Amino acid sequence: MKRKILITGGAGFIGSHVVRLFVNKYPEYQVINLDALTYAGNLENLLDVKDKPNYTFEKGDITDEAFIDQLFEQYQFDGVIHLAAESHVDRSIMDPLAFIKTNVLGTAVLLNACKRLWKDNTEGKRFYHVSTDEVYGSLGEEGLFTEKTAYDPRSPYSASKASSDHFVMAYYHTYHLPVVMSNCSNNYGSHHFPEKLIPLAIYNIRNNKPVPVYGKGENIRDWLWVDDHARAIDTIFHQGRTGETYNIGGINEWKNIDLIRLLCTIMDKKLGRTPGTSAQLITFVKDRAGHDLRYAIDATKLNQELGWQPSLQFEEGLEKTVDWYLANEEWLQHVTSGAYQHYYEQQYQTR
Ligand code: NAD
Ligand code: DAU
């Protein structure tokens with residue numbers, strides 16, 4: 001019988017890359033993608049795998065306990081890779097409760113369902129929680145986040161992710177649930193929702209709109225190619241030690257303003273504009289409340305224990321990302337017009 005793997009949030013940015021990797025790499029698994037299709041969930045991210053025999057989509061909310069219990073009963077999952085979340089810091093500042101509901105309660109509902117299903121036999125079972133480096137707070141100019149860095153979340157988003165991380169470890173210590181976890185830095189690549197810095201800037205430059213840079217653009221992020229993150233998740237899911245957490249990062253720190261200037265240079269080249277044209281769109285705007293200054297990851301543990309390392313140089317990855325957005329204007333047009341939200345009704349409900 002096929003091993004049944006539940007991936008939550010598989011219609012989102014990172015989740016869709018993880019689903020694609022697992023469906024293509026592991027024909028011996030049945031991959032079930034559970035997603036509520038919030039504004040961030042887009043089934044058009046998965047057009048290339050939607051008809052594969054080892055792929056199933058289920059629409060549902062991880063906070064709906066009765067639904068989750070029924071789903072676990074129906075599929076008898078062997079493994080869970082949990083990515084579903086509210087993920088945007090700016091939205092968390094506007095509406096913290098939505099983040100507490102999905103990220104904290106939703107994670108606890110899934111942990112409970114696993115505990116119930118696997119109570120008699122945890123052999124070969126695994127709950128993988130995908131988390132963020134933001135739980136560690138903000139760095140000064142020096143130092144890196146390690147797995148031993150104390151938690152110090154500072155936004156409603158990172159507080160909700162930190163809380164979910166603590167529940168995951170509490171289920172490991174209290175109930176011996178076989179968990180593993182990772183905390184990753186900023187991802188970039190294709191299918192990224194254009195509310196986040198890089199896809200928003202690409203969209204705005206393409207359309208000659210202002211590119212908003214918060215504050216003075218001095219904040220630093222450590223950027224990782226999304227497929228390198230998906231590869232790390234695959235490695236940790238299969239080889240990571242139970243009860244452990246692994247930091248994942250790009251060893252690739254960029255000040256926001258330097259990143260945006262590089263992006264402008266790439267866009268000028270790709271769009272055949274005179275050098276310097278796109279940079280004129282850069283607009284400094286009011287800073288994000290509580291804006292963390294710097295994130296940077298020490299991924300030594302993952303590298304030394306499991307041999308993972310990033311594969312792509314940032315300049316090359318950023319160029320590939322721009323190429324993808326320019327070649328997929330229909331995807332972007334559907335996202336910005338809202339048309340993507342009708343895909344589920346059209347493709348699934350009329351069957
Ligand atoms: P995303 O916002 O693109 O996707 C989230 C997905 O979860 C969407 O498909 C959405 O529909 C789904 N979802 C939201 N609420 C749900 C609910 N209640 N029930 C079921 N599905 C629900 O997010 P992303 O950027 O792909 O991030 C995925 C995970 O990785 C998150 O847990 C995030 O915290 C973590 N993470 C993200 C980054 C990053 O740079 N994007 C870095 C580190 C960790
Ligand atoms: O570090 C991992 C985290 O990275 C993930 O856990 C989050 O889910 C993900 O959204 C991301 O969070 P950030 O807040 O770092 O990403 P965002 O793209 O929103 O912002 C990146 C930086 O750019 C940050 O310093 C804020 C700034 N920014 C962002 C936007 C949207 C701007 O200057 N202008 C903008 O318009």
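The values are calculated or read from the model by the stated rules, or taken from the named source; none is laboratory data. In this text the structure is predicted, and so the values were computed from the model without any measurement. For neighbour counting, all protein chains shown are included, and Cβ atoms are generated from backbone atoms with ideal geometry for every residue, glycine included.
Listed here are the residues, each with its yes/no results for (1) more than 25 Å from residue 244 (Cβ to Cβ); (2) surrounded by 14 or more Cβ atoms within 10 Å (Cβ to Cβ).
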position: 276; (1), (2): yes, no
position: 281; (1), (2): yes, yes
position: 298; (1), (2): no, yes
position: 309; (1), (2): no, no
position: 316; (1), (2): yes, no
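A Cβ distance below 6 Å, combined with a sequence gap of six or more or placement on separate chains, defines the contacts here; from the stretch 145-161, residues that are over 22 Å from residue 253 (Cα atoms) reach residues that are in a strand (DSSP E or B) and at pLDDT 95 or above in the pairs 161/131; 161/132. Scanning the stretch 318-328 for residues that are free of Cβ contacts under 8 Å to residues at least 60 places away in the same chain and of a type in the set (D, E, K, R), we see that the one that is surrounded by the fewest Cβ atoms within 10 Å (Cβ to Cβ) is 323.
Residue 283 meets all of the listed conditions (1) over 29 Å from residue 215 (Cα atoms); (2) in a strand (DSSP E or B) but one, namely (1). Taken together, 35, 69 contain a single residue that is more than 20 Å from residue 234 (Cβ to Cβ) and within 15 Å of ligand 1 (Cβ to nearest atom), which is 69. Taking helices (runs of 4 or more DSSP H) as the structural unit, those lying wholly within the stretch 85-143 and holding at least 1 residues that are charged (D, E, K, R) and more than 15 Å from ligand 2 (Cβ to nearest atom) correspond to 107-117. Out of curiosity, is residue 303 under 30 Å from residue 93 (Cβ atoms) and either surrounded by 14 or more Cβ atoms within 10 Å (Cβ to Cβ) or free of Cβ contacts under 8 Å to residues at least 24 places away in the same chain (or both)? Answer is no for this residue.
Going through the stretch 21-35 one residue at a time, which ones are touching a helix residue (DSSP H, G or I) at 6+ places or on another chain (Cβ under 8 Å) and either surrounded by fewer than 17 Cβ atoms within 10 Å (Cβ to Cβ) or aliphatic (A, V, I, L, M) (or both)? Result: 21, 25, 31, 32, 34.
Okay, residues lined up against (1) within 14 Å of the chain's Cα centre (by Cα); (2) more than 15 Å from ligand 1 (Cβ to nearest atom):
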{"position": "45", "(1), (2)": "yes, no"}
{"position": "48", "(1), (2)": "no, yes"}
{"position": "63", "(1), (2)": "no, no"}
{"position": "73", "(1), (2)": "no, yes"}
{"position": "79", "(1), (2)": "no, yes"}
{"position": "86", "(1), (2)": "yes, no"}
